[in-house]
Amino acid sequence: MSFSSPVEENTLKVQMDSQCYPDGCQVVPVWKLVAMWPSEKEEEETIILISDDDDDDDEVQCPDDDGEGESTQGSSVLLVEPQETSPLEESKSEEMVDEEGDLVVTYCKQADVMPHARHDCTVHPFQRTESDTSSPLGANADICDECYCYICDKLAAKCQLWTTPSLCHCNAHNKSNFWKAQRNSALAGILATFNLELLELDTELRHGGDLLEKFIKDLSLAYNKYLTGERMCPPGHECFCKPKLPPGQCSVCSSQNLEVVYRYSDVFDLVTRFLNQAEQQSPKAAAVMLLGAAKQIALHKDPALLRNCQNLGHTASLRIAVPFLFHRITSRLQRMLVLCDFPKILYEKFVDFYHSISLPCHCFAFANSLNVLHWDHVLLTTVLKGQNITGQRRQKGRKMYLWEALPVVEARVEKLLEKKKYKEVVRYLRAVKCSENGRLRDLRDLIPFYLCKTGNFLDAAHSLLIPVNSLACCSACRITPCQFKIYLKIFRTGCVPSGNEMLETGPWLSAGSPLRNTVLIKQALKLLYSSETLYRNAKCWSSFIMILGSSNLLEKRGNLLPLSLKEPPLSFQENVLAASANFLKDLKSGVNVSLPSAIFTGELHHEASFILAVQAVQQMLCCDLPHLNSFIELVLAFGKNFWPLRLLLDQLSYEEHILCGTANLLLRDLSREKAMMLRVWENLGPQYVGEFLCLFLTSRHKRMQSVGLLSLNVVIENLHLCPWAKQLCTFFHESGLRQLPFGTTVYHEVSKFVSAFEKL
């Protein structure tokens, strides 16, 4: 049974019961008319009256004193006696029998009147109409002590609008849609403006409504103060009174030339604080607060609109401040409609409320801001499922495009990434259109990474070089050296970062089979050739060399495992150099060329890859050495493989000016990065340092010998940081470094270094 108010008269209950007795006997269901009278004492008995007109043929077994059932067949009355009845109470009872003998009343008591809505009052008659509010009808204004107002939900005696003309709450009842709406509005408060039903109101919505009501009161005071303005003397006003006073000090001139200035700053600050508060609330409460604030500031008018435009700041001018606030509100709401799982009915009511706001002329640009497609929209779902790759469809002869605001696009990508739906992210970004093309382009630049997350590495490598549409350039033009290294690491190992960001550090997870060595080299070089920024960056070339000299397995911490390769035969090196030169030439010209599979997939494919990298670096140095900012990174990228580095220096020796320029660049790097070199040498050990020094000290070119001498001096100057330095003496003896021509600078420095340790 439903009641129209929290408290109503409770006089009769009709209930269906089934009663079981011992010995397996069951009483058939009978309709019991239960009269319940509230009593001041719990001990006072309750009389149950039972009418059973429809079950005359049923037999009811009632247990008697000895435990056996007694038949009551043919009896229409079952009297349930009180457990204990005093003689005085029995004398009060008076048997009443109706004419047909179907009902027997053994005891009656006057019922207490319980709280009830006015239209349910049994004391005063009530006259119902649909929506009469002009004056009380009939005796509707009469009340008893327990009558409640249907609208206010409080005692009628305390209702201030009980008989107020044009309101007349005394005429309200639960059979009228008009009065039901009035009641919903009264109980919902400010939330009634959102067209929300009472059953839809939860704690979050009510909390947001309470905060909104308080804000509206505070905003009204601030806005009224803004409308009064400030009376100020015009700047630069000159006094012409006698005696002439400085500007602003003459009360006569000031009072006659005061100008009213309207500053919206206080209102702007109040709204900003409220928006900050809204963003800290739960989604439903925040949505109510943001929408309510938008409706309120849309009603604000600029009193100076008909006057000359006042030169005020962006927060003091209403026509600048309100659009700024609207942009913040709509951007936040757009994200919430995408990210928050609002029930669809509530979602639509929020959007309808926004559309009901009458926007001023300076906010017309925000009219369609909340036309955000729901996740189950046909166009959006077909795009996400891959059934529509263009983002276009025809509806009733008109073309529809998947065109969304930037906050919506960002929110959708964020939501899909949160659910790890990388394929859907790729499909959406390729199909969606946005007015802010720059930011949309940045989002699309991550499409190759999302493809890598799905394990589709080949498609990811191609998408780096292929633009999404004909009006944009490819992503390779904008990737950073760090991203270049991460992509090569992914292609080499088949692993990807565990998160949704392109981070080199942190855990990596396997996503698929890595690219073949020939495909990896070809795609890496295409990336380098497609971007001048990447081509002239030493970090990119060092990453390329490091990847080719590493295993396709990762350490537990996600680091690459470097390889130590033996120097192949000279004939093999010459063949690879020749094949690499032709391959690089065709690749630069845009010819679709492939690497010789016999060389780059055979037993020495790692060595062949190193030789090809040497050839590519040599070509780069010959063309763009002046643009290179470092060379020590390329040297360190070879790791403990000194034979390809020696091959590179030999190739550079054919052009002396290139070799000298490279040596000068190395000398500059060593002078600047002494501390870094010491850390590297400490990690790699004395064997590496000895081979590094021998490589340059034994060079035929004096400028390259200078690189070795400077490196040796770095060790001598920092012996306290090089506990492994003494082991270099043994390496110099074993390598025959002391057999260099007598009297040369290299011989003198090496001998001095060895002698210093022999005296210890």
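Since every read-out is calculated from the coordinates, none of them should be taken as a lab result. Because the structure is predicted, anything quoted here is derived from the model rather than measured. So basically every Cβ, Gly included, is an ideal-geometry build from the backbone, and we count neighbours across all protein chains shown.
Summary table
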{"read-out": "For segment 373-444, projected area of the alpha-carbon convex hull averaged over all directions, nm²", "value": "4.6 nm²"}
{"read-out": "Rounded Å value of the spacing that divides the Cα centres of segment 502-547 and segment 708-726", "value": "34 Å"}
{"read-out": "Mean projection area, nm², convex hull over Cα of segment 116-175", "value": "3.4 nm²"}
{"read-out": "Hull-based mean projected area of segment 673-760, where the convex hull spans the alpha carbons, in square nanometres", "value": "5.4 nm²"}
{"read-out": "26 Å Cα-Cα threshold exceeded, pairs from Lys539/Lys674; Lys526/Lys566; Lys485/Lys522; Lys214/Lys284; Lys385/Lys420", "value": "Lys526/Lys566"}
{"read-out": "Extension reserve of the Asp145-Arg393 stretch, reckoned as 0.36 nm per residue once the Cα distance is removed", "value": "82.6 nm"}
{"read-out": "Set of lysines near Lys726 by C-alpha distance (under 17 Å), chain-local residues within fewer than 8 positions excluded", "value": "Lys752, Lys759"}
{"read-out": "Highest-first arrangement of 593-603, 628-638, where packing means the average Cβ count within 10 Å", "value": "628-638, 593-603"}
{"read-out": "Cys144, Cys540 arranged by Cβ crowding within 10 Å, fewest neighbours leading", "value": "Cys144, Cys540"}
{"read-out": "Listed peptides 282-292, 640-650, 709-719 by packing density, highest first (mean Cβ within 10 Å)", "value": "282-292, 640-650, 709-719"}
{"read-out": "Amide H contacts under 5 Å for Val260, placed H, 5+ residues apart", "value": "Met232"}
{"read-out": "Calculated diffusion of segment 435-567, Stokes-Einstein form, Kirkwood radius summed over Cα pairs, 10 °C and 1.306 mPa s, µm²/s", "value": "105 µm²/s"}
{"read-out": "Gain upon complete extension [Thr129, Gln160; 0.36 nm per residue less C-alpha separation]", "value": "9.0 nm"}
{"read-out": "Label-point separation in nm, Glu259 to Ser358, each point 7 Å along Cα→Cβ", "value": "3.2 nm"}
{"read-out": "For Val104, distant residues with modelled amide H under 5 Å away", "value": "none"}
{"read-out": "Label-point separation, Asp218 to Asn592 (7 Å along Cα→Cβ), nm", "value": "6.7 nm"}
{"read-out": "Radius 15 Å from Cβ of His657, net charge of other residues (Lys, Arg +1; Asp, Glu -1)", "value": "-1"}
{"read-out": "Distance (nanometres) between label positions extended 7 Å along Cα→Cβ at Lys752 and Asn664", "value": "2.6 nm"}
{"read-out": "Environment charge of Leu275, counting only residues whose C-beta is closer than 12 Å and scoring Lys/Arg +1, Asp/Glu -1", "value": "+1"}
{"read-out": "For peptides 568-578, 453-463, sequence by mean Cβ density within 10 Å, most packed first", "value": "453-463, 568-578"}
